[in-house]
Ligand SMILES: Nc1ncnc2c1ncn2[C@@H]1O[C@H](COP(=O)(O)OP(=O)(O)OP(=O)(O)O)[C@@H](O)[C@H]1O
Ligand SMILES: [Mg+2]
């Protein structure tokens, strides 16, 4: 390693300007061979933009990129590949209808006169799969793999083009605990094979486990750097937000009010034979913990009328209701901030204003006519209250960073003054600063009498925020834990289906 | 939004000016009146299909609905129906057709292309069967005259009836799309149907509405065509008109992916298409080339649009 003093990748004074937004300003970054470099920062700090520039998705306005000391120009994804840089997007880009081997070699199939050399593809693919520790036949359909395994296929794909630098943008945000651990192991293995990795994550715990060095971005600029021995949760947070974030979770439990929602033997279409019973009271924050696939999202979607219940009863404030569409649920005062905000939470091509007002339009209408004044008012207030970073109300939400998008989703529902707020993974992909704001918001809403039911795969979040937790396993509520019974062990026992232990 | 219209407006002015300079007959009252009449008819169809296209769907049955309405009108006139009743029944029929399309697309989850392709075949077949595939005329009925003729004279220039229908339709459509919550919902669902549903929008009902509007406007144009042509050929009347309507919508700025469209753009685009046919005639270009020219112009139009969009995006980025 000492032979080459020049870093593998050396970025200096990078600038990137989007319409109305300066995403990067004077950013420097170096990466050494066989190094795992974590890049952290708040939502909108410019992490993804920087990576997209390295991967040839965006071109910078100024600055230089050197690879092994030689200046290069990366104009396209192909250029990036030629320099050995591969970006694994947060949204996976695999073709589900093709098998693993076909995906790995998509676009670079070895062929003779246009006929694909299947034998070679499968043989080579098997080799790459082995390097990422995935042991499936290479003719398995990608659609049949879990998200975690699909991610490993993406990495294998990067290896197939001889990537020397693999960039992972929030790779664990939709992985289960065990899947994440597999990924960490693969990252370690790749590093020992001399491959350099840039790792972006909002989960600082992961960063501490994995990173050799941490680069922190804030508002599109370098905010600092931490060497291996300096890495700590607090040090990172301090650089990210420029202040101390003590008192992360502030749950001041108050005496809950009357019952807002009560489910009795409620049966969801996903698990039609299992009855679920629980209740949430005014001002109460109830967490639903469990492993990925435990049926938590399905439960929230049934409450919200997306997939109507197939049996059992649901009472809102004592009255039996049966929401069959989200529209009906909203009329009962139930709202949902969904897990997949891009697909379900937002209209990506529409502006902040239009997204903010969408559910409210109906209420502010005058004989069907949109009340444009009220619309602007609602949106302005939302941006202010939620502290959404956007160049203006007319910005298309697609161009907001993940955390700010989530704030738009929450904001549009809060404008509806709900009785029951359903949150599915409310802080997925959200930086620590915004996370704390969302927790503060939950706290505030609960204090105002809103009942909150939230699903979370982050143990800390459940332990920190829930007054009470329901734990689910394979569609069944395996247990209910009051705040004083809440502990990581108790939740894990129930989440893995171990009823007796609780 | 207005940037999208500029391109197509420029195209219109260019062809208009070019033809006017090359042939003095072009600006004659008779020719302009005709041009206005046919452009209006095309625009009414185009606005209808624009609503469906905005939801991300398509309606291929427009031409056949026109043929069906025109044929049945002739039959009804022949069997001495009260013309006003006949018109109301046919409008009702068009609404019903749209409703069926909408239900098949939303409740049965069939693809719009398939549903309306079957409609295209079905309504055409029924027209031919009901009329025994005979050309028919409408005779002379006072009510129809009062409903559909009414020309408003400005000097020697008479504004044709379809133009008035277009003005009413266009104003209502533009208000609906840009000023009402349903218009906003329509745009939202065209962009992201699931996202719209999760925001509490009754997406199925809106989609059905779009198909109903489309078939209604097709039926209305059917009546207007019948009146203008004064006779109907069950096998031909309205044939290919869906393609003109779709072309007008697309050239006018609707994206077939859904979620985008302006009424004014569609109207100008419909006028461009009619204007082209007119110019080809007047300029003495072989009429055999007509389709080829219209095809090329639409292709150039949408390409230019795409290029303008990219340039604008780049300029915005550079700022
Ligand atoms: N294509 C684009 N057009 C306009 N603005 C953009 C575009 N992409 C990103 N931005 C803006 O650039 C800034 C940086 O965004 P970026 O996505 O890089 O942030 P990030 O650090 O990855 O945030 P997150 O943690 O939320 O993913 C944000 O203000 C964002 O709104
Ligand atoms: Mg990002």
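Beyond 25 Å, what percent of the Cα pairs of chain B remain?
52 percent
Would you kindly give the portion of the calculated P(r) for the stretch A:363-478 that falls above 22 Å, as a percent of all Cα pairs?
Considering the stretch A:363-478, 42 percent of its Cα-Cα pairs are separated by more than 22 Å.
Averaged over A:286-298, how many beta carbons belonging to a partner chain fall within 10 Å of each residue's beta carbon?
Details: counts 0, 0, 0, 0, 0, 0, 0, 0, 0, 0, 0, 0, 0.
Counting other chains' Cβ atoms within 10 Å and averaging over A:286-298 gives 0.
By how many degrees, between 0 and 90 and to the nearest 10, does the Cα long axis of helix A:118-131 differ from the longest principal axis of chain A?
70 degrees
Which peptide among B:305-311, B:216-222, B:240-246 comes first, and what is the full order, when sorted by highest mean count of other Cβ atoms within 10 Å?
Top of the packing list down: B:216-222, B:240-246, B:305-311.
With N denoting the number of residues in the stretch A:412-496, provide Rg(C-alpha) divided by 2.2 N^0.38 Å, to two decimal places.
The stretch A:412-496 yields a ratio of 1.12.
For the stretch A:270-294, list residues with backbone N below 13 Å from a point placed 7 Å from the Cα of residue A:146 toward its Cβ?
Under cut-off, by backbone N: A:291-294.
What percentage of all Cα-Cα pairs in chain A are separated by more than 39 Å?
Pairs farther apart than 39 Å: 29 percent.
What is the pair-distance distribution P(r) of the stretch B:1-81, computed from all Cα-Cα distances in 10 Å bins starting at 0, with each bin given as a whole percent?
14, 28, 30, 21, 7, 0
How large is the helix-only mean residue ellipticity at 222 nm for the protein assembly as shown, computed as the sum of -39500 (n - 2.57) over DSSP H runs with n ≥ 4, divided by its residue count, in deg cm²/dmol to the nearest 500?
Helices in the protein assembly as shown give a 222 nm mean residue ellipticity of -15500 deg cm²/dmol.
Ignore the peptide's own chain and count Cβ atoms of other chains within 10 Å of each Cβ in B:183-196; give me the average, rounded.
Across the residues of B:183-196, the mean count of other-chain Cβ atoms within 10 Å is 5.
Given R₀ = 25 Å, FRET efficiency for residue B:310-residue A:108 by Cβ-Cβ distance, to 0.05?
The value I calculate is 0.35.
Can you give the FRET efficiency for residue A:62 and residue B:109, using 1/(1 + (r/R0)^6), R0 = 51 Å, r = Cβ-Cβ distance, to the nearest 0.05?
It comes out at approximately 0.50.
State the extension gain, in nm to one decimal, for the chain segment bounded by residue A:324 and residue A:483, taking 0.36 nm per residue of separation less the distance between their alpha-carbons.
54.0 nm
Compute the distribution of all C-alpha to C-alpha distances in the stretch A:123-172, in bins of 5 Å from 0, and list the percent of pairs in each, rounded to whole numbers.
With a bin width of 5 Å, the distribution comes to 5, 20, 33, 24, 14, 3, 0.
Evaluate peptide A:346-354: per residue, the Cβ atoms of other protein chains within 10 Å of its Cβ; return the mean as an integer.
Partner Cβ neighbours, averaged per residue: 5.
Angle, helix A:147-160 long axis vs. longest principal axis of chain A, Cα atoms, 0 to 90°, nearest 10?
For A:147-160 against chain A, the angle is about 10 degrees.
Can you order the peptides A:406-415, A:130-139, A:95-104 by their average number of other Cβ atoms within 10 Å per residue, highest first? It would help to have the intermediate numbers written out before the result.
Values: A:406-415: 24.1, A:130-139: 15.9, A:95-104: 20.0.
Ranked by mean Cβ neighbours within 10 Å, highest first: A:406-415, A:95-104, A:130-139.
Expressed in whole Å with the largest first, what are the equivalent ellipsoid semi-axes of the stretch A:9-240 derived from the C-alpha gyration tensor as the square root of 5 times each eigenvalue?
30, 21, 15
If each of residue A:209 and residue B:130 carries a label point 7 Å out from its Cα toward its Cβ, how far apart are those two points in nm?
Label-label distance for residue A:209 and residue B:130, simple model: 7.0 nm.
Which whole-number percent is the relative contact order of chain A (Cα, under 8 Å, 6+ apart)? Could you put the intermediate results ahead of the total?
Values: 1027 pairs, mean separation 75.3, N = 502.
Value for chain A: 15 percent.
At q = 0.13 Å⁻¹, work out log10 I(q)/I(0) for the stretch A:51-163 with the Debye formula, treating every Cα as an identical point scatterer and leaving solvent out; two decimals please.
Normalising to I(0) and taking log10 leaves -0.55.
Report relative contact order for the stretch A:9-240 in percent, whole number only (criteria: Cα-Cα under 8 Å, sequence separation at least 6).
In percent, rounded to a whole number, it is 28.
Per residue, what volume in Å³ does the Cα convex hull of the stretch A:348-417 take up?
74 Å³
No lab work stands behind these numbers, since they all come straight from the coordinates. The shown structure was predicted, so the numbers you read here are calculated from the model rather than taken from an experiment. Every residue, glycine as well, gets a Cβ built from its backbone with ideal geometry; the counts of neighbours run over all protein chains shown.
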